[in-house]
Ligand code: NAD
Ligand code: UFG
């Protein structure tokens with residue numbers, strides 16, 4: 001297998017990072033994992049290694065720790081496997097928590113990205129894929145949103161950190177002159193589900209903040225009934241609408257993005273290109289619950305509750321740019337995603 005490119009995956013023990021690591025390895029890239037394990041567990045690293053049958057290197061490092069981050073680049077260089085690209089997942093991601101702890105979110109997410117860019121500059125690494133989010137669009141006036149939709153004021157401090165990180169990367173792309181810096185901003189909608197093997201999946205620490213992990217725990221009897229956050233929104237059934245995509249579709253989008261960056265390497269000009277990654281279909285919270293119950297044959301104990309602060313009402317994607325420029329589009333259904341999510345949860349019952 002051609003392992004000429006070594007890709008550093010920050011946040012590699014997390015939900016999206018772990019699935020992406022497997023897809024990258026399968027596509028022939030060499031992966032180096034980095035995570036401080038603040039929202040993940042070492043078992044994810046073992047899961048990745050078992051799926052790719054290779055002892056993928058792992059560094060337990062915080063992205064804000066400049067010296068340790070620099071050491072990771074240095075050791076890989078000395079091993080003869082210099083890092084040539086980075087996918088930066090490492091961040092805190094809970095919208096509701098960010099309202100309570102805005103400074104923590106700014107420090108971790110913006111601070112970590114700033115340090116990473118400094119280290120990449122020092123080490124001469126010039127290809128970056130950044131985990132952005134549809135939250136950069138704020139509360140959109142029109143849906144679906146595409147990459148030309150306005151970047152409106154962030155609804156949560158979390159969304160603000162993603163907007164700021166995008167700005168940092170855009171500035172860095174313009175400013176770094178010694179190398180040609182080339183970057184991709186991937187604006188994810190809502191990834192759900194798990195690897196079809198159920199060897200890796202979504203395992204947040206503590207009470208899940210995200211909808212589908214909470215549905216799974218609730219259906220498994222491992223948590224209190226799910227609270228539907230808000231049923232009086234101006235949507236068809238009153239609950240919020242999102243664009244849910246299978247985690248393996250999202251993982252594969254990163255392979256396409258990395259290939260896009262390396263294909264462009266012969267073009268000697270800096271660029272920063274944003275892509276929406278979603279299905280193009282909006283689904284409400286109540287519809288997700290119904291679909292989960294139907295496809296898995298289990299009931300989801302739930303109660304109707306008040307709104308969660310920081311929530312966007314309704315957003316889904318137009319992902320035509322990803323299709324035409326990355327050759328990427330979603331292939332898996334909502335039902336398949338919910339089935340894989342439940343198969344993963346069943347391991348813990
Ligand atoms: P996750 O919490 O499962 O993974 C993030 C990982 O980063 C965790 O393993 C955590 O321990 C690690 N981490 C956090 N701060 C760190 C730091 N300072 N240094 C090193 N490691 C650190 O979350 P995820 O769902 O895999 O999300 C990955 C990225 O995608 C995040 O940037 C998130 O904001 C973004 N995103 C996620 C979603 C989603 O719905 N899951 C949607 C849009 C964007
Ligand atoms: N929800 C509930 N009950 C819960 C959890 C969630 O009703 O217990 C609702 C939320 O209010 C929201 C929907 O389910 O309406 C989806 O919520 P999530 O927390 O799963 O997802 P968010 O859309 O709030 O945010 C997620 C990630 C962010 C990312 C964003 C992109 O957590 O990192 O998707 O859409 F930026």
Check your understanding: What is the list of residues in the range 183-198 whose amide nitrogen lies under 15 Å from a point 7 angstrom out from the Cα of residue 264, following Cα to Cβ?
Key -> 183-187
Review point. Going by a ≥ b ≥ c, the root eigenvalues of the Cα gyration tensor, does the range 83-161 fall in the rounded group (a/c under 1.5), the prolate group (a/b larger than b/c) or the oblate group?
Key: oblate
Check your understanding: Evaluated at 20 °C with a viscosity of 1.002 mPa s, what Stokes-Einstein diffusion coefficient in µm²/s does the range 1-133 have when Rh comes from the Kirkwood expression over alpha-carbon pairs?
Key -> 144 µm²/s
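Work out the FRET efficiency for residue 103 and residue 237 from their Cβ-Cβ distance, taking R0 = 45 Å, and round it to the nearest 0.05. Mind dumping the intermediate values first?
Details: r = 36 Å, r/R0 = 0.80.
Efficiency at R0 = 45 Å is approximately 0.80.
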Check your understanding: Cα-based Rg of the range 6-348 per 2.2 N^0.38 Å, rounded to two decimals?
Key -> 0.95
Exercise for review: Quickly work out the residue 290-to-residue 179 label distance, labels modelled 7 Å from Cα along the C-beta direction, and quote it in nm with one decimal.
Suggested key: 5.0 nm
Exercise for review: Based on the mean of other Cβ atoms within 10 Å per residue, sort peptides 165-171, 206-212, 134-140, 105-111 so the most packed one is first.
Suggested key: 134-140, 105-111, 165-171, 206-212
Point to revise | Length gained when the stretch residue 121-residue 55 is fully extended (0.36 nm per residue, less Cα-Cα span) | key: 20.9 nm
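So if we plug the beta-carbon distance of residue 227 and residue 348 into 1/(1 + (r/R0)^6) with R0 = 25 Å, what FRET efficiency do we get, rounded to 0.05?
Numbers: r = 21 Å, r/R0 = 0.85.
So, using R0 = 25 Å, E works out to roughly 0.75.
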Review point. What spacing in nm lies between the two simple spin-label points modelled at residue 37 and residue 78, each 7 Å away from Cα in the Cβ direction?
Key: 2.3 nm
**Study point:** Tensor-based shape of the range 145-211 (alpha-carbon gyration tensor, a/c under 1.5 rounded, otherwise prolate or oblate)
**Key:** prolate
Point to revise | Spatial separation of Cα centroids for the range 35-105 and the range 240-266, in angstrom | key: 19 Å
Review point. Pairing the Cα long axis of helix 247-263 with the longest principal axis of the chain, what angle in degrees results, from 0 to 90 and rounded to the nearest 10?
Key: 20 degrees
Study note, to complete from the structure: Computed over the range 6-348, the relative contact order (Cα-Cα under 8 Å, seq sep at least six) in percent reads 20 percent
Exercise for review: Assuming a ≥ b ≥ c are the square roots of the Cα gyration tensor eigenvalues, decide whether the range 44-119 counts as rounded (a/c under 1.5), prolate (otherwise, with a/b larger than b/c) or oblate.
Suggested key: oblate
Practice item. Quote the relative contact order of the range 281-349 in percent (integer), defining contacts as alpha-carbon pairs under 8 Å separated by 6+ residues. Key: 42 percent
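Quick note: the coordinates plus some simple rules give every number you see, no bench work behind them. Worth saying up front: this structure is predicted, and the values here are computed from it rather than measured. A quick note on method: Cβ atoms are made from the backbone with ideal geometry, for glycine too, and the neighbour counts reach across all protein chains shown.
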